[in-house]
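A.B. asks: Pasting a structure below so you can have a look.
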Amino acid sequence: MLLASVLARHVPSDDQEAADLARIRAFVACQPDPFDRRLLEAHLTGSALILSAEGERVLLLHHRKLECWLQPGGHASRGETTGESVALREAREETGVSGLVLHPTAPRPFDIDIHQIPPLSAEPAHEHLDLRYLVTAPREASLARSKRESNDVRWFGCDELAALGLDSGLRRALAKARAYVS
């Protein structure tokens, strides 16, 4: 399905997500390859809000370069044209969990967020126009963090999230995920 039509059906949960959605829709309308990382000012990314099989825990990673807890996700590889494929591949690579699946009934994307990435190495500051998907891990999923990407990968209970200093967009997305699976 064309990305523009998928985004046209997305229902934002608050004013910030609505503003981000409008900007992403405008960006997609004027870019032939909105996932192209070579777009220096901004590009689409895909990420996974990974819930445990029972829906009571969330899997986050402590990003090595950004020094904060985030959901797994990132840039598209050459040839990837859907947020779903980017999110699932990145989640597998960054967490080591095999058997991750998109939640069967959750909207796709589940959440939309634009966030700033500071200059890192040779990359200038830019925006990630993030398409977030609700993903379920298999029972007894074993973790293997990507040392290149993160300092840690860990399951958190909902009661532990407030202490992590998560950004407002991720807090919103995780609250939506908890409400959706309850």
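A.B. asks: Of the residues E84, E80, E94, E140, which is free of Cβ contacts under 8 Å to residues at least 60 places away in the same chain, in contact with an Asp or Glu (Cβ under 7 Å, 6 or more places away or on another chain) and either surrounded by fewer than 15 Cβ atoms within 10 Å (Cβ to Cβ) or not aliphatic (A, V, I, L, M) (or both)?
C.D. replies: E94
A.B. asks: Same structure, new question: Have a look at Q116, Q71 and point out the one that is over 19 Å from L134 (Cα atoms), of a type outside the set (S, T, Y) and within 15 Å of the chain's Cα centre (by Cα).
C.D. replies: Q116
A.B. asks: Say whether the condition of being part of a helix (DSSP H, G or I), farther than 19 Å from L44 by Cβ and touching a helix residue (DSSP H, G or I) at 6+ places or on another chain (Cβ under 7 Å) is met by at least one residue in the stretch 154-170.
C.D. replies: The answer is yes; a qualifying residue exists.
A.B. asks: A further question on this structure: Please verify whether P124 is surrounded by fewer than 12 Cβ atoms within 10 Å (Cβ to Cβ), touching a Leu at 6+ places or on another chain (Cβ under 9 Å) and either at pLDDT 95 or above or under 24 Å from A42 (Cα atoms) (or both), treating the condition exactly as stated.
C.D. replies: Yes, satisfied.
A.B. asks: Within the stretch 7-60, track down each residue that is over 25 Å from T81 (Cβ atoms) and in contact with a Phe, Trp or Tyr (Cβ under 8 Å, 6 or more places away or on another chain).
C.D. replies: Those that are over 25 Å from T81 (Cβ atoms) and in contact with a Phe, Trp or Tyr (Cβ under 8 Å, 6 or more places away or on another chain): S52, R57, V58, L59, L60.
A.B. asks: Another question, if that's okay. Which one is surrounded by the fewest Cβ atoms within 10 Å (Cβ to Cβ) among residues in the stretch 1-53 that are of a type in the set (S, T, Y) and part of a strand (DSSP E or B)?
C.D. replies: Among them, the one singled out is T45.
A.B. asks: Also, quick follow-up: Return the total of residues in the stretch 17-58 being in contact with a Pro (Cβ under 7 Å, 6 or more places away or on another chain) and in contact (Cβ under 8 Å) with a residue 40 or more places away in the chain.
C.D. replies: The total comes to 9.
A.B. asks: Separate question: Residue check: is P104 out of contact with any strand residue (DSSP E or B) (no Cβ under 7 Å at 6 or more places or on another chain) and within 25 Å of E80 (Cβ to Cβ)?
C.D. replies: Yes; evaluated as a whole, the condition is true for this residue.
A.B. asks: Can you name the residue in the stretch 74-83 that is more than 23 Å from D167 (Cβ to Cβ) and not small (G, A, S) and, of all such residues, is nearest to the chain's Cα centre (by Cα)?
C.D. replies: T82
A.B. asks: Same structure again: Taking the stretch 127-170 as the region of interest, how many residues are basic (K, R) and within 12 Å of W69 (Cα to Cα)?
C.D. replies: Total satisfying the criteria: 1.
A.B. asks: Let me ask something additional. Where residues in the stretch 127-151 are in a strand (DSSP E or B) and modelled with pLDDT under 95, which of them is farthest from R92 (Cα to Cα)?
C.D. replies: N151
The values are calculated or read from the model by the stated rules, or taken from the named source; none is laboratory data. Since this is a predicted model, take the numbers as computed values, not measurements. All Cβ positions, even for glycine, are placed from backbone atoms using ideal geometry, and neighbour counts span all protein chains on display.
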